[in-house]
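Worksheet for the structure shown next.
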Amino acid sequence: MNEQASILIIAIPLLVSVLNIPIGLLKRSLCYPLTVFTTLSCVYLSFVIADTVINTGNISYHVGGWEPPWGIEVAIDHLNAYMLVIISFVSFVVSIYAKNSIEKELLPDRIIYFYTIYLLLVTGLLGILVTGDLFNLFVFLEIASLAGYALVAIGEDKAPLATFNYIIMGTIGACFYLLGVGYLYIVTGTLNIADLTRLLPALYHSKVVLAAFAFFVVGVAIKIALFPLHTWLPDAYTHAPSTVSAFVAATMTKVGAYVMIRVMFTVFEPNFTLNALPTTEILGWVASAAMIFGCIMALAQTDLKRMLAYILVAEVGYIVMGVSVGNRAGFTGSVLHILNDSFMMVSLFFVAGAIMYKEGHRNIKNLSNLHKKMPVTMGCFIIAAISMVGVPPTAGFFSKWYLIHGAINAQKWFFVAFLLLSSLMVAAAFFRIIQNIFFQPSESHTTHEEPVRDEVPCSMLLPIVVMSISLLVIGFFSGQIIDSLIQHAVPKGF
Amino acid sequence: MDTMDFIIGKYNYWVYIVLMMIGFYAMIAKNNFAKKLVGMNIFQTAIILFFISTSSKTGGATIPIIQAGMDKAHQYINPLPHVLMLTAIVVMVSTFGVALAVLIMIYRRYKTLEEDEIMAILKMEKQI
């Protein structure tokens with residue numbers, strides 16, 4: 001069972017996503033419970049996998065009984081297991097949230113297909129995580145991206161335009177990745193990641209390998225929207241339906257960051273990545289620019305979702321910066337930040353979706369007195385916001401602590417300064433909203449009537465509360481998470 | 001002479017690079033969304049040409065179907081890149097399909113696919 005869990009976790013959502021269409025056409029109301037149940041089973045399977053990895057070591061499952069490197073291998077170590085738990089948990093929570101939000105924002109005939117494509121997206125993301133084969137990873141990357149394009153395109157008025165840019169940029173990224181795979185295949189004759197790790201060190205002097213590495217890094221940088229290749233992200237994530245924004249913001253960039261870590265430190269040795277080319281140096285500076293740029297742009301926005309999207313650009317900068325400093329603390333910080341950031345992004349976009357649901361807009365300037373209307377939602381918003389800023393004891397503090405620690409260890413003082421500066425700017429961005437909510441007198445209320453308490457439906461409120469409480473819980477247990485999973489994922493050279 | 005050999009001997013790779021750059025140029029510089037999409041398709045096709053090129057072998061290797069009297073690996077071309085590209089073609093067609101669907105949505109909304117005209121429409125709507 002334990003080994004099969006690693007393949008079932010992608011087989012089940014894939015099958016159900018197809019089944020969703022006939023079942024939905026018979027009875028539309030069945031789609032929602034089916035989706036929730038499927039993602040719940042993914043959560044269960046991901047816990048089984050994580051438990052197996054922690055207690056008995058890495059999993060290797062040979063698809064169809066073909067031995068690697070000829071067949072496709074499903075290879076799971078601590079890093080995969082950790083990512084699997086994050087992505088499947090987020091997809092479960094988002095699928096609970098989806099029902100009311102989607103029914104409000106989408107045309108009724110699109111709902112069945114929404115659930116279908118949503119499960120395809122989950123399949124793609126989980127597939128990227130479990131596979132041990134570079135080409136297979138490309139296929140899952142494209143499944144996830146295509147599902148992402150479709151989900152973004154069903155959003156509001158400007159969504160198709162944003163989606164088209166997203167498709168062009170995303171395809172360039174995927175093609176560069178594919179070229180990297182091709183170059184490595186020419187020199188090694190294999191696509192299996194473990195096999196490549198074994199064969200590549202003898203070929204590090206080859207220019208083909210260097211070109212492959214460059215293609216990988218640039219291709220994945222487009223997929224994770226690393227500044228200055230981020231241009232598609234703010235538009236796409238602003239105009240997508242709220243549920244979709246919450247899910248893609250929390251997962252797509254994080255899975256991309258996983259691919260980057262995999263390629264940089266598993267396919268290639270850390271020694272090569274850190275020393276052969278000035279890649280990590282460049283990535284570090286680019287990531288610092290992303291942190292500052294994302295925050296400056298976030299300060300300038302009046303649309304709540306657009307502001308969050310720019311903060312996401314900055315958060316991607318944090319993750320890449322932690323990886324680029326090349327030591328244990330920085331790497332731990334990055335991997336921990338993947339978890340924290342995906343949970344924070346989900347909570348914040350959930351709140352944005354809740355405001356959309358009740359108010360019908362998300363302009364930062366017109367949010368006054370929302371704390372009286374939606375006290376629970378706003379409480380959760382504040383927890384997520386201070387976690388984003390990095391105030392202890394919320395989760396965001398611990399990953400930023402490790403990131404700063406890593407930058408100090410590597411003696412990159414500029415990175416430390418940029419990180420602190422960008423945290424301050426995130427604080428400014430969020431306090432601006434909090435001030436608008438709590439202290440701005442409402443202009444529209446000429447009469448002194450108290451706003452009535454009016455929360456979103458339970459199926460939306462519950463995920464919001466669960467996510468923000470889990471931010472506190474993760475904060476308290478981050479030591480244990482690092483001990484049991486992350487420290488085993490740190491590459492050997494560090 | 002060496003340079004000539006380098007250029008002529010590897011002409012398929014040169015073609016791949018030229019095609020890729022044509023596609024890249026179209027994606028960046030063209031004003032019309034449909035043309036951008038065609039550029040994207042050329043870009044992807046170039047990669048298929050590259051992969052297929054890598055599978056060829058000199059010395060009269062043939063397609064990988066076992067024939068009588070030919071039992072050496074060097075007598076057949078490498079089938080794996082072909083298989084990979086079959087999958088990549090599927091991905092390509094799906095991307096193209098999704099992109100065309102999005103273009104239809106854009107066209108229904110703005111009645112044009114020219115980027116500058118759409119930007120002008122958006123600017124006008126913002127002022128109203």
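The values are calculated or read from the model by the stated rules, or taken from the named source; none is laboratory data. The structure presented is a predicted model; accordingly, all values stated were derived computationally and were not measured. Cβ sites come from the backbone with ideal geometry, for glycine too, and all protein chains shown count toward neighbours.
Just so you know, in the range B:50-79 the residues that are part of a helix (DSSP H, G or I) and away from every other protein chain (no Cβ under 11 Å) include one that is surrounded by the fewest Cβ atoms within 10 Å (Cβ to Cβ), and it is B:A73.
The rows are residues; the columns are (1) over 21 Å from the mean Cα position of the chain (by Cα); (2) in contact (Cβ under 8 Å) with a residue 60 or more places away in the chain.
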{"residue": "A:V130", "(1), (2)": "no, yes"}
{"residue": "A:L134", "(1), (2)": "no, yes"}
{"residue": "A:V139", "(1), (2)": "no, no"}
{"residue": "A:S145", "(1), (2)": "no, yes"}
{"residue": "A:Y149", "(1), (2)": "no, no"}
{"residue": "A:A159", "(1), (2)": "no, yes"}
{"residue": "A:A162", "(1), (2)": "no, yes"}
{"residue": "A:L178", "(1), (2)": "yes, no"}
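More than 9 Å from chain B (Cβ to nearest Cβ), among the small types (G, A, S) and touching a helix residue (DSSP H, G or I) at 6+ places or on another chain (Cβ under 8 Å), is that true of A:G170? It is false that A:G170 is more than 9 Å from chain B (Cβ to nearest Cβ), among the small types (G, A, S) and touching a helix residue (DSSP H, G or I) at 6+ places or on another chain (Cβ under 8 Å). State yes or no: is A:S95 in a helix (DSSP H, G or I) and in contact (Cβ under 8 Å) with a residue 60 or more places away in the chain? Yes: the conditions hold for A:S95. Keeping to the range A:287-336, report how many residues are of a type in the set (A, V, I, L, M, F, W, C) and surrounded by fewer than 20 Cβ atoms within 10 Å (Cβ to Cβ). The total comes to 6. For the range A:11-27, filtering for residues that are under 16 Å from A:S95 (Cβ atoms) and touching a residue at least 12 places away in the same chain (Cβ under 8 Å) leaves 8. Checking B:L100, B:L80 one by one, the residue that is within 19 Å of the chain's Cα centre (by Cα) and closer than 30 Å to A:P160 by Cα is B:L100 and no other. Within 14 Å of another protein chain (Cβ to nearest Cβ), under 16 Å from A:E73 (Cα atoms) and touching a residue at least 40 places away in the same chain (Cβ under 8 Å) - does that describe any residue in the range A:104-126? No: zero hits. For the range A:256-274, residues that are assigned to a helix (DSSP H, G or I), farther than 23 Å from A:D235 by Cα and not β-branched (V, I, T) total 9. Filtered by the rule that a residue be among the aliphatic types (A, V, I, L, M) and in contact with a Leu (Cβ under 9 Å, 6 or more places away or on another chain), the range A:225-248 gives A:A225, A:L226, A:L233, A:A240, A:V244, A:A246, A:V248.
Kindly check whether there is at least one residue in the range A:184-195 that is of a type in the set (F, W, Y), part of a helix (DSSP H, G or I) and either modelled with pLDDT of 90 or more or within 25 Å of the chain's Cα centre (by Cα) (or both). Taking every residue of the range A:184-195 in turn, at least one turns out to be of a type in the set (F, W, Y), part of a helix (DSSP H, G or I) and either modelled with pLDDT of 90 or more or within 25 Å of the chain's Cα centre (by Cα) (or both). Among the residues of the range A:138-157, write down those that are over 30 Å from A:Y185 (Cβ atoms) and either crowded, with 24+ Cβ neighbours inside 10 Å or more than 8 Å from chain B (Cβ to nearest Cβ) (or both). Scanning the range A:138-157 gives A:L151, A:V152, A:A153, A:I154, A:G155, A:E156. Looking across A:T280, A:T253, A:T243, one residue alone is more than 22 Å from A:G317 (Cα to Cα) and assigned to a helix (DSSP H, G or I). It is A:T243.
Yes/no matrix, rows are residues, columns are (1) surrounded by fewer than 22 Cβ atoms within 10 Å (Cβ to Cβ); (2) β-branched (V, I, T); (3) touching a residue at least 24 places away in the same chain (Cβ under 8 Å); (4) touching a Cys at 6+ places or on another chain (Cβ under 6 Å):
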position: A:H239; (1), (2), (3), (4): no, no, yes, no
position: A:V248; (1), (2), (3), (4): no, yes, yes, no
position: A:T251; (1), (2), (3), (4): no, yes, yes, no
position: A:M264; (1), (2), (3), (4): no, no, yes, no
position: A:A276; (1), (2), (3), (4): yes, no, yes, no
position: A:E281; (1), (2), (3), (4): yes, no, yes, no
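Quick one: in the range A:128-137, of everything that is part of a helix (DSSP H, G or I) and away from every other protein chain (no Cβ under 11 Å), which residue is farthest from A:M83 (Cα to Cα)? The residue in question is A:L137. Of the numbered criteria (1) more than 11 Å from every other protein chain (Cβ to nearest Cβ); (2) surrounded by fewer than 24 Cβ atoms within 10 Å (Cβ to Cβ), the one A:G189 fails is (1).
Of the candidates A:K365, A:K358, A:K400, the single residue that is within 21 Å of A:V313 (Cβ to Cβ), assigned to a helix (DSSP H, G or I) and not hydrophobic (A, V, I, L, M, F, W, C) is A:K400. Against the numbered list (1) of a type in the set (S, T, Y); (2) within 14 Å of another protein chain (Cβ to nearest Cβ); (3) within 22 Å of A:H488 (Cβ to Cβ), A:T266 comes up short only at (2).
Scanning the range B:80-101 for residues that are small (G, A, S) and more than 11 Å from chain A (Cβ to nearest Cβ) returns no hits.
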